[in-house]
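These notes are about the structure you will find just below.
The values are calculated or read from the model by the stated rules, or taken from the named source; none is laboratory data. Every value quoted in this text rests on a predicted model; they were computed, and no experiment measured them. Note that each Cβ is placed from the backbone with ideal geometry, even for glycine, and that neighbours are counted across all protein chains shown.
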Amino acid sequence: MKGLFTVLLLVVSNIFMTFAWYGHLKLQEMKISTGWPVFAVILFSWGLAFFEYCAQVPANRIGFAENGGPFNLMQLKVIQEVVSLTVFTLIVSLVFKGQALQWNHFAAFVCLIMAVFFVFLK
């Protein structure tokens, strides 16, 4: 159960992370933040990143083997990267039009899935 909870928290964390890192670009595209100074964009992103950390830190603490979780540090990191790219791809596909997935993106995802497989080998 801790493993599932860890992954769910990582998904939530990465939703906030994606909007913190790239949401200001969508706001700019929509002409909402076009006149914002860079400092205001940074503050906006930091505000979203706060919620990212509110999910990321508990996910790592709950999932870490030395805290009673099922994952070692390498496994946590690889899981986080796969979740991050999956969430990013979904959000970009749904929110940012004109960012089409290509064959090399799918090839990269296959490599990530292989990374998860290899990191869990004993």
Residue in segment 50-68 that is in contact with a Gly (Cβ under 8 Å, 6 or more places away or on another chain), of a type outside the set (Lys, Arg) and at negative phi present = yes
ask   = Only one of 52, 66, 29 is charged (D, E, K, R) and either touching a Pro at 6+ places or on another chain (Cβ under 8 Å) or surrounded by fewer than 12 Cβ atoms within 10 Å (Cβ to Cβ) (or both); which?
value = 66
remark   = Per the list (1) among the aliphatic types (A, V, I, L, M); (2) within 15 Å of the chain's Cα centre (by Cα); (3) in a loop (DSSP other than H, G, I, E, B), residue check on residue 78 breaks on (3)
key: Cross-chain or 6+ apart pairs with Cβ under 6 Å, segment 10-24 first and closer than 15 Å to residue 60 by Cβ, then surrounded by 24 or more Cβ atoms within 10 Å (Cβ to Cβ)   = 10/59
query = Hey, does segment 2-18 have a residue that's more than 18 Å from residue 109 (Cα to Cα) and either small (Gly, Ala, Ser) or not in a helix (DSSP H, G or I) (or both)?
reply = yes
query = How many residues are more than 20 Å from residue 12 (Cα to Cα) and at pLDDT 85 or above when one looks only at segment 87-101?
reply = 0
task = Return yes or no: is residue 57 β-branched (Val, Ile, Thr), exposed (fewer than 15 other Cβ atoms within 10 Å of the Cβ) and at pLDDT 95 or above?
result = yes
remark   = Given the conditions (1) small (Gly, Ala, Ser); (2) touching a residue at least 60 places away in the same chain (Cβ under 8 Å); (3) farther than 14 Å from residue 14 by Cβ, every one holds for residue 84 apart from (3)
